[in-house]
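Read the structure below first, then the notes.
Every number in this text was worked out from the coordinates using simple rules, so none of it is lab data. Because the structure is a prediction, the values reported are computed rather than measured. Note: ideal-geometry Cβ built from the backbone for every residue, glycine included; neighbour counts use all protein chains shown.
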Amino acid sequence: MSARFRIGIDLGGTKIEGAAIDVCGSVRFRHRVVTPAQDYSGTIDAIIALIGTIDRGVGTTAPVGIGIPGTVSPTTGLIKNANSTWLIGRPLQRDLESALGRPTRLANDANCFALSEATDGAGAAVETVFGVILGTGVGGGIAIRRQILAGANAIAGEWGHNPMPWPTPEEIPGPPCWCGRSGCLETFLSGPAVAADHYRRTRRMQTAPEIAEAAAAGDPECCATLERYMDRLARGLASVINVVDPDAIVLGGGLSSISALYEQVPRLWIRHIFSDRVATPLFPPLHGASSGVRGAAWLWPPEEAP
Ligand SMILES: [Zn+2]
């Protein structure tokens, strides 16, 4: 097994991405396959085959880190909280390790994003990074000195199913959430949530990227939707700052490409933060869509020889 490489796998609902990165963080080989949806043993086989392809691509074997859309339960070792529901209740880590015959580390995909940006990304210069996923779902992870803070229940940083703080009357009770509650942050801040909010106000069916693009071009209804979105994001992040007070917040996921967020949201969150001055920077991701595989690989830190 080579100490020079780490293999990172990003297990998504539609595709599985894999890459080998060297200890300096350079990607040496990259490959992706389609996720066998609803098929647990097919998913295991696809991951094993992908790792075999990467082994051949770099000419050696390397330790494996895998970012998953869920969490390994600290009490049972089984997968929980996965929106790829065919993984729930399965001993994914044990099954992969026995099939691969090499050490394998698993972590939540939002935690991998935070770790990627904290290790050699937008938050590399600071100690505590809150990494935020704003995509089809809303997740988050906390990295402290380039290590994931897992938490007693393995849910540290999972802010998406807290309620929207400082709600307006029209935000109560809020849209129903798949988790069984109503008005979760995810029901306001995910990509589909923005599109639904826009439709409720305007009866116009537009995706989040379309709304952001039209807002940048001055469309008044899209501007109004984006302003509601930024105010909600600011309130959600203010409540995180009031608890964790991270040195930096890094946004990821599809909505992180909306450039207006980085200018407006830090202005909007000030009035909700329990501090006379707020120095928290809000950064776009340095590695973007690659942060999933990179953070999974960094589950084996550069200084740790496997
Ligand atoms: Zn929820």
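Please label the shape of the chain as rounded, prolate or oblate, based on the square roots a ≥ b ≥ c of the eigenvalues of the alpha-carbon gyration tensor (a/c under 1.5 means rounded; beyond that, a/b larger than b/c means prolate, else oblate). Before the final figure, lay out the partial values.
Values: a/c = 1.86, a/b = 1.62, b/c = 1.15.
Judged from the Cα gyration tensor, the chain comes out prolate (a/c at least 1.5, a/b above b/c).
Let me know the whole percent of all Cα-Cα pairs from segment 103-218 that are separated by more than 21 Å.
Details: 3300 of 6670 pairs.
When every Cα pair of segment 103-218 is considered, 49 percent fall beyond 21 Å.
As a rough guide to protection, the peptides 60-69, 269-278, 77-86, 105-114 ranked by mean Cβ packing within 10 Å, highest first, stand as 105-114, 60-69, 77-86, 269-278.
Taking all Cα pairs closer than 8 Å and separated by 6 or more residues, the relative contact order of the chain comes to 21 percent.
For the pair segment 207-253 and segment 158-189, the centres of their Cα atoms are 15 angstrom apart.
Three semi-axes describe the equivalent ellipsoid of segment 69-150; taken as square roots of 5 times the Cα gyration tensor eigenvalues and ordered largest first, they are 25, 16, 10 Å. Computed per residue of the chain from DSSP H runs no shorter than four, each worth -39500 (n - 2.57), the mean residue ellipticity at 222 nm is -11000 deg cm²/dmol. Highest mean packing comes first when the peptides 219-231, 246-258, 144-156, 163-175 are listed by Cβ atoms within 10 Å, giving 246-258, 219-231, 144-156, 163-175.
State the antiparallel share, in %, of DSSP beta bridges confined to the chain, rounding to the nearest 5. Walk me through the numbers before you get to the answer.
Working: 27 of 43 bridges.
The answer is about 65 percent antiparallel.
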